[in-house]
Amino acid sequence: MDPNGLVSLPNEAARRPRGRPPSRAWAFFTPITEPQKQISAACRHCNQLVNYHKKWAQARAHLMKCAQFLQLVDSMPSNDVPQWYLAEVSRRQQPSHSKAQSKPMPNIPAVFLQNQTPTQIQTPLKAIQHIPVANGVNMSTTNGALVDQKKFDENVAMHLLTTISVEKLFEDKLELPFLQTLLVRGDVKMPSMNNLMTEMLDQCYDRVKDNVQGFFKSGLVPGTLSVDAVTGGGHSMSDYMATLASSHKYPMYLESVKSPRSGDAGANAEMKAQDIARVVEKLSTPVAGCVMACSTAEDIHTRQLLEKQFPAMYFHGCMRDALLSIVRQLFATDKGSLADRKPVATVPFAQELQQFALQCKDLGFFLPHKKIPSYLQQASEGTGNMIHLTARRRLTVEEAFIAILQAEPFLDVDNVLDRLFSGGGNSPSGSNCSSHLQTQLVKIVRSPQFVEKLRKYLDVLRPIHELFSSLDDGKDTLLLSEAYSSFSRLMQQLGSLSSLEDEEKVVLQALARQQQESCLGSAHLLAYLLDPVLLGEDLPPETKTEVEQKLMASLRGDGSPLSDSDKEALYTQYMDFKKTSSNQKTNKADTIAFRVLKERKTSPLQFWLAEGSKWPVLQAIACRIFVMPVCATRLVHAASEAAVSPILLRRKTDLSTSDKLTYVRVNSRQLQLIQGEGSSLAAFVKKRTVETNPNDITASMVV
């Protein structure tokens, strides 16, 4: 205190930092320190990377669309809701935003809202309406507090089950510092781990299941079913996935079924067919068809049983599985994995290729580390005796090993192996092992037949690899109408290999032809016929006649036959469609719609939805055909995107719990992505006329 009686501050007191203090609202977006100085950060709720460029407005805009954050705010008491959130809600409710609020969901065209069942997915505008909570005076005398606590627990559980790593869900204690920072009420209790993985998991599962069923009910096109089965240990595990063509990049996980296997292949096929029929009847949307494995006689028998039970649906094999069967028979050395496969073609030189692949396993240590193609990982499951050699950098593999042959002094230099193996995760340890591998390397690459065998190895695998690349998960570059021509082109490429003998070419072509017959179904041939660009141009005359007869015998979506008038209309419309498409191809008088379809900027399904109203009966049939995928969608790909491993979950918990957790985690992410991206078919669908007879078979039956 100074002589005047005033309190004086010490000289060493810190000065207030320049500029305004950072907003506390950043804690709702990211846990990093000083986020206002960063350009981008991951949202703490959905883990999505957001480029906000040091602007809080950009981060706030993401939070207003983040489903996990909106669920968290939805469960908060009114006095805990952040002020910036209430201000943003008030701003968006101004008249200038009334038009934006009246927009429908992006994945459902407005013209179909009056004819479709409304979806159960919550929109952001619905989610941001917070629930009024009773005040502290009468909270104990009302049921409002109980309802709010229940909703709070469910939303927090949903947030945890869909965002944090799966490993933390099985820990004894779960630390949630970010939720403790956001929630300031002292009477709020977090769910226990036991409650989270039992009761709360069931509630979240029912919630996501209702949203998935609502999504399928609001679909513009019929759904398709995919079955991916893994056999081993006396039982089979079948993963069921369902897809809408309007959101084909985001398939929905349905369930996984574990069923015992007997020695009778016929009984196994009947059991599998019954289980697929059960899933088809349980779906909340019409099902156009099913894609399944096709590499075994049991798979083919299952498909035949389903075709008899559901004559209006389309069943065919997975093209990826058919090509994997070729790779296994040529390059896999484990004969046990092929014991139950249909022996239709004998490959006399398969053992030679398999032995060479086994010898090249040691050479794999010298190749640069690179992710193995997904199809090769499946082909080598249970074998462990395959190595895939591909072109690296500027030199082909063949040229690289020829260079090694010419550089013999390099092979004799000490510690070369140690330098090559340094940093390799699978490299052997010990000088004895390195010396052995060095000896093996020299012996293999100096063999007179090495280059010849390597050329043969690559020539056989190269066309199969190119076709596999077009079927990789997430690409979908191969259309259903191109499957037949792709198999035909594969057989031509195998028959033109100069490094093979004539007998070897015949055997390879027979093997590819057998897989073509096992994989292709009626949907492939009908799609090849109804693609305006292809028109079944390479079909043999007899086969084309059979396909046209199959088209004329088409059934309605509910399985009932066409009336005589519908059959006459179908024939007339098909002839007019074929004539119109042929004129556009030959006379170069193509329309814009045909031109973009020819360039594959649009799909045949989009063409038929937009331009098929001139042939309404044929349009309905074509739409049900072109929704079918080429390959079965796999749970492994969708689960990896959702950061969950079903195999790991089944090891840590029972099948029911792992199935529900996978369902919640995968489908909640898929629904969020679908809601953000919208339908790929909405712009191509035309409004249904009011005068349309509901009994007529038109595209309205499909969309």
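Can M241 be described as closer than 29 Å to A622 by Cβ and in a strand (DSSP E or B)? When the stated conditions are applied, M241 passes them. Taken across the stretch 146-156, residues that are within 29 Å of S284 (Cβ to Cβ), at pLDDT 50 or above and either in contact with a strand residue (DSSP E or B) (Cβ under 9 Å, 6 or more places away or on another chain) or of a type in the set (A, V, I, L, M) (or both) do occur, with at least one present. Restricting attention to the stretch 228-250, the residues that are of a type in the set (A, V, I, L, M, F, W, C) and either buried (at least 23 other Cβ atoms within 10 Å of the Cβ) or under 13 Å from the mean Cα position of the chain (by Cα) (or both) add up to 4.
Does S518 count as touching a Cys at 6+ places or on another chain (Cβ under 9 Å) and buried (at least 17 other Cβ atoms within 10 Å of the Cβ)? Here the answer is yes, as S518 does meet what is asked.
Only a single criterion out of (1) touching a Ser or Thr at 6+ places or on another chain (Cβ under 9 Å); (2) crowded, with 19+ Cβ neighbours inside 10 Å is not satisfied by L254, namely (1).
Counting only helices (runs of 4 or more DSSP H) that fall entirely inside the stretch 527-634 and contain at least 2 residues that are among the polar types (S, T, N, Q) and either at positive phi or touching a residue at least 40 places away in the same chain (Cβ under 8 Å) (or both), the qualifying elements are 564-586. Which one is surrounded by the most Cβ atoms within 10 Å (Cβ to Cβ), of the residues in the stretch 284-303 that are under 11 Å from A322 (Cβ atoms) and in contact with a helix residue (DSSP H, G or I) (Cβ under 6 Å, 6 or more places away or on another chain)? So the residue we want is A293. Taken together, D558, D654, D564, D576 contain a single residue that is acidic (D, E), loosely packed, with under 15 Cβ neighbours inside 10 Å and closer than 30 Å to S165 by Cβ, which is D654. When the stretch 539-587 is filtered for residues that are over 30 Å from F487 (Cα atoms) and polar (S, T, N, Q), the ones remaining, listed by number, are S560, S563, S565, T572. Scanning the stretch 244-263 for residues that are farther than 22 Å from V664 by Cα and either part of a helix (DSSP H, G or I) or touching a helix residue (DSSP H, G or I) at 6+ places or on another chain (Cβ under 9 Å) (or both) gives S259, P260, R261, S262. As a summary of the residue check, P260 satisfies the conditions (1) modelled with pLDDT of 95 or more; (2) touching a His at 6+ places or on another chain (Cβ under 8 Å) except for the one numbered (1). Among residues of the stretch 304-315 that are surrounded by 14 or more Cβ atoms within 10 Å (Cβ to Cβ), those with a Cβ under 6 angstrom from a residue that is aromatic (F, W, Y) and not in a helix (DSSP H, G or I), sequence gap 6+ or separate chain, pair up as L306/F315; E307/F315.
Under 7 Å by Cβ, and 6 or more places apart or on different chains, what pairs join a residue from the stretch 264-287 that is touching a residue at least 12 places away in the same chain (Cβ under 8 Å) with one that is of a type in the set (V, I, T) and assigned to a helix (DSSP H, G or I)? Note: pairs meeting the criteria are A269/T302; K272/T302; A273/T302; V287/V280. When the stretch 481-504 is limited to residues that are surrounded by fewer than 16 Cβ atoms within 10 Å (Cβ to Cβ) and touching a helix residue (DSSP H, G or I) at 6+ places or on another chain (Cβ under 6 Å), the one that is modelled with the lowest pLDDT turns out to be S499.
Does the stretch 672-685 contain any residue that is more than 30 Å from A157 (Cβ to Cβ) and modelled with pLDDT of 90 or more? No.
The values are calculated or read from the model by the stated rules, or taken from the named source; none is laboratory data. Remember, it's a predicted structure, so these values are computed and weren't measured experimentally. All Cβ positions, even for glycine, are placed from backbone atoms using ideal geometry, and neighbour counts span all protein chains on display.
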